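To start, the structure itself, in structure tokens.
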Amino acid sequence: MAISAAAAAAAALSFPRALPSPFQPRRHRHRRRSAEPPACAHSERGVTFDPGSAFYRSDSAAGRDLAVLAATLHRRAAGPSAPFLCLDAMCGCGVRALRYLAQVGADFVWANDASEALRPVIVGNLSRFERAPDRRWAVSHLDATRLLSERYLRREYFDVIDVDSFGGDAAYIRAALLALRIGGLLYLTSTDWRSARGYGSRSSLSSYGAYIRPVPYPNEVGLRMLIGGAAREAAILGFHITPLFSYYAYHGPIFRVMVQLHNGKQDGISNYGFICHCKSCGQSRTFGFDELGQITCGCADKIDPDSITVVGPLWTGPLHDTTFLTEMLSLATEWGWANTIENGVSLEKLLDTMIEESDSRLPPGYIRLDEIASRAKVNSPPLGTLINSLRKEGYAACRSHIGANAIKTNCPIECCLDVAQEIRNLR
């Protein structure tokens, strides 16, 4: 019944004519013909490809691993009732599209890159998995926003849309949300480190609707700025999103967020607001729109207005979904990925840290150990010792995958300094 219904709807689709619609039943679909990889081929988790002249970074493989794990869980949850469709809007050499085919088991993948010069590379890599006439992929060379808008206008919706963009241009977000099925996953990207660090406030305001100023945890602000921009666009369209995971990578740097689209608006402001940081005492707090004009710090220094830094509006809610991350870790273990280290990244360690970060008690931001040591006038306490001591005091505390040598905690900064001094006295 599901196949016949999908086949009936296929007539309205606008996939390339040379390619059978992903909704049409095909014979011998299980056949896979792979080309012999050239001597220069790269490999990610057993999938071989040739980057050719495309921009490719092996350091980004961990972000692609996370995408494959998330998309696979989503496909399993969706079931076989409808074809599972993926769109890679800025595919480069096509490695992500290839992995969605080979590892996620997508029924169809659309690989797009604006550069027509990369067509031989993309087609060559996707042909490793399947060749005509049984292939389940298409390649195009359009502006990403145009491609996504056309898919929406033709009512062609995808289960996973991956946009690995460069810089801080977020014009594609609204079009991507429109081309996404309700419940689908959108993998967002930003490499705009200047805005995240407060050096490009006008850029962050125009791209994400957030005015960013320098704070001690800019890498986390970059993720929250990206989620907040997507949450704002979703609300305009009558939807809402939830972040499944947020990943920061030092190379680049790269901010990547996987969000899930839901129908209907939420209250719109519970997880969307402002972060206030006090330079005088080091404490950070969140404020809602209804508290504008009342943003202050409770420390003794209430006179100098320059001691208060406010950024936003941006996402102030959880960066990750605990249940989803736990399932991702289970799948990584099932596939034998968890205990391996590739490009210096252990997925088990990364996902374990993200799971700890997803504690709903933890506020935005992190505290670096050197700042704690400087304010407490002690040597930097061991990271694990400080975390365990804070937990014994009843506070939530964990490492941060975003900031090296930093902790996330709901412990007030004054108490955190007291704990650091106690640790020094015990040594």
By how many nm would the segment from S330 to A404 grow when fully extended, if each residue of separation counts as 0.36 nm and the alpha-carbon distance is taken off? 24.1 nm
Can you tell me the orientation of helix 413-426 relative to the chain, as the angle in degrees between its alpha-carbon axis and the longest Cα principal axis, to the nearest 10? 70
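At 1.4 Å probe size, with the rest of the protein present, what percent of the exposed accessible area of the chain is carbon and sulfur atoms? Don't skip to the answer; put the middle values down first.
Numbers: 9500 of 18740 Å².
Whole-percent figure for carbon plus sulfur exposure: 51.
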Label-to-label distance, nm, for residues given as V345 and Q266 (7 Å Cα→Cβ offset): 2.6
Rg/Rh over Cα atoms for the stretch 322-426, Kirkwood Rh, comes to 1.04
For L426 and R155 in the same chain, what is the full-extension length gain: residue separation times 0.36 nm, less their Cα-Cα distance, in nm? 91.0 nm
Give the distance, in whole Å, between the Cα centre of the stretch 375-396 and the Cα centre of the stretch 77-112. 44
Measure off 7 Å from each Cα along the Cα-to-Cβ vector at Y250 and I182, then give the distance between these two points in nanometres to one decimal. 4.4
Linear extension gain, D59 paired with E291, 0.36 nm per residue minus alpha-carbon span: 79.3 nm
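Hey, can you find the accessible area per residue of the chain for me, probe 1.4 Å, expressed in square angstrom?
44
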Scalar couplings 3J(HN,Hα) for the stretch 187-202 by Karplus 6.51 cos²θ - 1.76 cosθ + 1.60 (θ = phi - 60°), nearest whole Hz, x for Gly and Pro, are 9, 8, 9, 8, 10, 7, 5, 5, 5, 4, 8, x, 9, x, 4, 5
Can you list, bin by bin at 10 Å, the percent of alpha carbon pairs in the stretch 208-315, starting at 0? 14, 41, 31, 13, 1
What lysines could a cross-link reach from K279, if we take a straight Cα to Cα line under 30 Å and drop same-chain neighbours fewer than 8 places away? K302, K377, K392, K408
Treating the Cα atoms of the chain as identical point scatterers in vacuum, please give the log10 of the normalised Debye intensity I(q)/I(0) at q = 0.07, 0.14 Å⁻¹, two decimals. -0.37, -1.27
Each residue of the stretch 374-387 in order: what ³J(HN,Hα) in whole Hz does its phi give by Karplus 6.51 cos²θ - 1.76 cosθ + 1.60, θ = phi - 60°, with x for Gly and Pro? 5, 6, 7, 6, 9, 5, 4, x, x, 4, x, 5, 5, 4
What does the charge add up to near G312, with Lys and Arg as +1, Asp and Glu as -1, over the other residues with Cβ less than 11 Å from its Cβ? +2
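The values are calculated or read from the model by the stated rules, or taken from the named source; none is laboratory data. Model, not experiment: these values are computed from the prediction. Cβ sites come from the backbone with ideal geometry, for glycine too, and all protein chains shown count toward neighbours. In case anyone asks, the SASA skips ligands and DNA or RNA and just uses the protein heavy atoms, side chains included. Shrake-Rupley method; radii C 1.70, N 1.55, O 1.52, S 1.80 Å.
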